[in-house]
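The values are calculated or read from the model by the stated rules, or taken from the named source; none is laboratory data. This one's a predicted model, so the numbers in the text were calculated from it and none came from an experiment. Glycine gets a Cβ as well: all are built from the backbone with ideal geometry, and neighbour counts include every protein chain shown. The protein model used for the area step is the full one, side chains on, heavy atoms only, and it has no ligands, DNA or RNA in it. Shrake-Rupley method; radii C 1.70, N 1.55, O 1.52, S 1.80 Å.
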Amino acid sequence: MRTGANPRDRLPQIAIALVSVGLVLPSLSIGFLSDDFSWLNIVRDTREMGWADYLAVPSPYGYFRPAPMALFRAIGLSLPEAVWPFRALIVLLHLANCLLVYWLGRRLDFSRSVSMITALLFAVLPCHAESLFWVSALNEPLASFLALSGFALLLRLRPAISSPLATALFAAALATRESSFCYIPLVFLLCRLQPRLRTPAIIPVLLLPGVIYLTARYWWSLSLPPGLAVSSPGDLNLNPLEMGRRLFHYLAAMVLPVKTIFDLAGFGRYDSLRNILGSPGTSPPAYWSFAVFGVSALLGAGFFAYRLLGRKILGPLAFTVLALGVYLPFRNTSEHFLYFPSIGICFALGLLLAKAASQRASVGLAVAIALFSVYAGSRANRLYRWHRASAALEGSMSQLAGLASGLPDNSRVLVEGLDNRYYGIPFVGEHSLNDAWSFRHPDRPLAFYFDRTGRDAVMIAYSPVNFGFERIR
């Protein structure tokens with residue numbers, strides 16, 4: 001099947017392109033937030049380094065991610081302090097990913113309608129907000145683009161050509177995000193769905209990217225200063241019930257407009273739920289109630305989908321579970337983890353909507369319109385909140401600059417009450433305030449700290465209600 005050459009595939013691709021770009025284009029005017037400043041400061045502080053030395057520098061918080069490091073440097077040095085090039089890149093990557101999802105569906109023999117619905121769902125899914133509106137999360141659409149391109153080549157070209165190209169793409173995906181190791185089970189899944197891939201040529205595709213990545217990471221670790229802490233995926237927890245609860249959490253966050261619901265209900269409830277799920281010891285009855293409910297709901301939803309679609313549902317669900325597998329043993333969670341795994345959920349929803357339409361067209365159409373309307377409304381809500389977060393950050397930093405005026409260079413300033421969330425959006429916290437200040441005011445060096453010492457000459461309090469600072473003394 002050559003989808004690009006089939007005129008009947010052109011109209012769906014045009015519709016997918018218009019929707020995907022149209023829903024992300026308004027994000028071009030959102031400013032930098034939170035971890036963005038850490039990335040940009042690394043670029044500025046290492047501008048005198050050669051490329052080899054620069055790529056040996058850990059990315060913010062100790063990760064080995066040379067691909068996004070290279071992108072940040074190329075853009076950050078060419079257009080200093082400009083946010084639009086990063087956002088334009090994310091728009092293009094998301095457009096490419098939506099089209100690749102459609103092409104992947106067609107190459108895997110999904111119908112044109114199912115592939116189109118799937119790609120449109122992927123274009124509008126609310127859980128993509130963090131991946132698409134946060135500059136420091138651009139590694140999610142980038143890694144997804146590289147992995148999807150590798151899958152597309154394997155499915156379209158002869159093994160002699162596709163194998164080396166896919167190997168390079170998967171290695172680049174690993175250099176973008178460590179979670180791209182999910183390419184290994186996903187290639188096995190593709191081999192099951194497409195028997196023609198079961199050739200000896202697939203073996204280097206499975207092995208070489210990981211070998212290249214691990215070798216490069218080992219070389220990188222040798223170049224680090226002694227004692228420098230590198231990143232950790234978080235506390236390991238292999239409790240099956242806990243992993244099932246976490247899987248339910250991820251699946252619910254993909255299917256439901258969770259943050260918009262909490263926006264309407266109040267983010268105080270959202271923070272309380274996060275605390276319970278993140279720290280089971282604070283309220284064991286509530287935590288295990290959520291865990292048991294999550295596992296039960298997950299099994300019930302899976303049984304219903306299987307009764308309706310049979311074995312057709314297994315492939316999409318397997319894609320999502322395999323793509324999430326890297327995250328399930330660890331407690332750290334984040335919305336941007338869901339970008340790539342949500343492809344499987346979109347295929348599952350596409351199959352369910354197509355099945356409903358085949359049984360009763362009016363019902364299927366009504367459900368599809370309702371679902372897309374809810375998702376589009378939620379995406380608009382998140383876009384509005386990200387714009388407001390950007391404006392609030394600029395106002396807060398300007399206010400902080402006024403409060404700190406007249407302080408000698410290199411003064412130590414105590415800041416209390418700092419909160420890194422604005423309606424569920426990464427804002428500015430203890431880990432990023434110094435970077436945000438340094439990026440905005442490179443000629444006014446100050447050192448912010450967050451725990452009292454007993455000799456705190458300058459104290460500033462932050463109000464998470466007003467998203468503003470107040471000088472105490």
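Within the shell of other residues whose beta carbon sits under 15 angstrom from the beta carbon of L400, the net charge comes to -2, with Lys and Arg scored +1 and Asp and Glu -1.
Which of the three applies to the range 102-146, rounded, prolate or oblate, going by the alpha-carbon gyration tensor with a ≥ b ≥ c and a/c under 1.5 meaning rounded? The shape class here is oblate. Note on R412/L207: beta-carbon distance plugged into 1/(1 + (r/R0)^6) with R0 of 51 Å gives a FRET efficiency of 0.50.
For the range 336-431, the solvent-accessible area works out to 40 Å² per residue, with a probe of 1.4 Å and every protein chain left in place. Assuming charge only on the beta carbon of Lys and Arg (+1) and of Asp and Glu (-1), the dipole of the chain about its Cα centre is about 1980 debye to the nearest 20. Ordering 444-455, 310-321 by mean Cβ neighbour count within 10 Å, with the highest value first, yields 310-321, 444-455. To the nearest 10 degrees, how steeply does helix 314-324 sit against the main Cα axis of the chain, on a 0 to 90 scale? Orientation of helix 314-324: about 20 degrees from the principal axis.
Measuring with a 1.4 angstrom probe and ignoring ligands and nucleic acids, V367 comes out at about 70 Å² accessible. With N as its number of residues, the range 384-456 has a Cα radius of gyration that, divided by 2.2 N^0.38 Å, comes to 1.14. Helix 361-403 and the longest principal axis of the C-alpha atoms of the chain enclose an angle of approximately 20°. Accessible area per residue (1.4 Å probe, heavy atoms of protein chains only) ranks H94, H431, H441 as H431, H441, H94, with the largest value leading.
Close amide-amide hydrogen proximity is noted between F448 and V413, each under 5 Å apart and 5 or more residues distant or on a separate chain (H modeled in the peptide plane; Pro and chain starts excluded). Counting Lys and Arg as +1 and Asp and Glu as -1 over every other residue whose Cβ lies under 15 Å from the Cβ of P66, the net charge comes to +2. Overall, the accessible surface of the chain at a probe of 1.4 angstrom is composed of carbon and sulfur to the extent of 65 percent.
Quick check on the range 324-398: take the gyration tensor over C-alpha atoms, sort the square-rooted eigenvalues as a ≥ b ≥ c, and tell me if it's rounded (a/c under 1.5), prolate or oblate. Since a/c reaches 1.5 but b/c is at least a/b, the shape of the range 324-398 is classed as oblate. The shape of the range 287-345 can be summarised by an equivalent ellipsoid whose semi-axes, obtained from the alpha carbon gyration tensor, come to 21, 18, 8 Å from longest to shortest. Of T199, T282, T118, the residue with the largest accessible area leads and the full order is T282, T199, T118 (1.4 Å probe). Of the residues L365, W386, A436, the one whose Cα sits farthest towards the positive end of the charge dipole of the range 350-455 is L365 (charges of +1 on Lys and Arg Cβ, -1 on Asp and Glu Cβ, taken about the Cα centre). A compact globular protein would have a Cα radius of gyration near 2.2 N^0.38 Å; the ratio found for the range 329-473 is 1.56. Of the residues L222, L207, G150, the one whose Cα sits farthest toward the positive end of the charge dipole of the range 136-262, with +1 on the Cβ of Lys and Arg and -1 on the Cβ of Asp and Glu, is G150. Around the Cα centre of the range 1-54, unit charges on the Cβ atoms of Lys, Arg, Asp and Glu (plus for the first two, minus for the last two) sum to a dipole of about 520 debye.
Over the chain, the hull volume per residue, using the convex hull of the C-alpha atoms, is 165 Å³.
Computed from backbone phi with θ = phi - 60° and the Karplus coefficients 6.51, -1.76 and 1.60, the 3J(HN,Hα) list for the range 21-28 is 6, x, 7, 10, 4, x, 6, 4 Hz; x is used for glycine and proline.
Computed on the Cα trace of the range 9-156, the radius of gyration divided by the Kirkwood hydrodynamic radius gives Rg/Rh = 1.03. A protection proxy built from the mean count of other Cβ atoms within 10 Å ranks the segments 396-408, 122-134, 145-157, most packed first, as 122-134, 145-157, 396-408.
Mean separation of Cα pairs under 8 Å and 6 or more residues apart, divided by the residue count, gives the range 257-407 a relative contact order of 20 percent.
Dipole magnitude for the range 35-166: about 660 debye, using +1 per Lys or Arg Cβ and -1 per Asp or Glu Cβ, origin at the Cα centre.
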